[in-house]
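What follows is calculated from the coordinates using simple rules that are stated; it is not laboratory data. Everything numeric here is computed off the predicted structure, so don't read it as measured data. No Cβ is skipped: glycine too gets one built from the backbone with ideal geometry, and neighbour counts run over all protein chains shown.
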Amino acid sequence: MNVNQKAALSFAFRQNNIVVNLYQSWRTAIQSLLARTIIAVPCGPDTHCPAAPRVISLYVGSSAENAKEDLINIIRENFESFTMIDTEGFYRGQYEPAWLIKLTAEDIFLVVNIAEKIRSQLKQEGVGIELDGHYFRCTATNAPSHVFHQITNQHS
């Protein structure tokens, strides 16, 4: 190995160490930040914890005219702030415009009733509800009280 090859190899080694050190520093900083910001509150059946707001997602698809405006109006009746993401859905192999609604709520039953109202007014077979990584579906045959029961059983 000549002098130029040794110099190039030495330079590459130093650059690699810099990248590795930056990665390790970044990883340590992120882990430290997460450790400081995530707070676990021990709540269970024997404790009396106040209801904390939870992020809930609603999955709605519809090809109906004015569906998006109708959807916004239904949600605005109970929530002044929420996120609505335009997306594309496929239901039974058929494309339809879809929306992912993210909202924060303490009252899960209220959200289930809103999902039922959306389903009914937009004449949909179902509206999806995601809570804590679990998926539930509000349909004509799966009444809001039953969906709420499924959710509370999943989280007890």
Would you mind ranking 81, 57 so that the residue whose beta carbon has the fewest other beta carbons within 10 Å leads the list? 81, 57
What are the ³J(HN,Hα) values, in whole Hz, obtained from phi via the Karplus relation 6.51 cos²θ - 1.76 cosθ + 1.60 with θ = phi - 60°, for each residue of region 81-94 in sequence order, with x given for Gly and Pro? 9, 6, 10, 10, 10, 6, 8, 10, x, 10, 10, 6, x, 10
Neighbour counts of other C-beta atoms within 10 Å: give me 74, 56 arranged from fewest to most. 74, 56
Restricting attention to region 72-145, which chymotrypsin sites (Phe, Trp or Tyr not before Pro) occupy a DSSP loop and are surrounded by at most 15 other Cβ atoms within 10 Å? 79
Here, trypsin sites (Lys or Arg not before Pro) of region 84-156 satisfying both criteria (DSSP loop; at most 12 other Cβ within 10 Å) are 92, 123
For q = 0.11 Å⁻¹, what log10 I(q)/I(0) does region 54-154 give under the Debye formula with an equal point scatterer on each alpha carbon and no solvent? -0.28
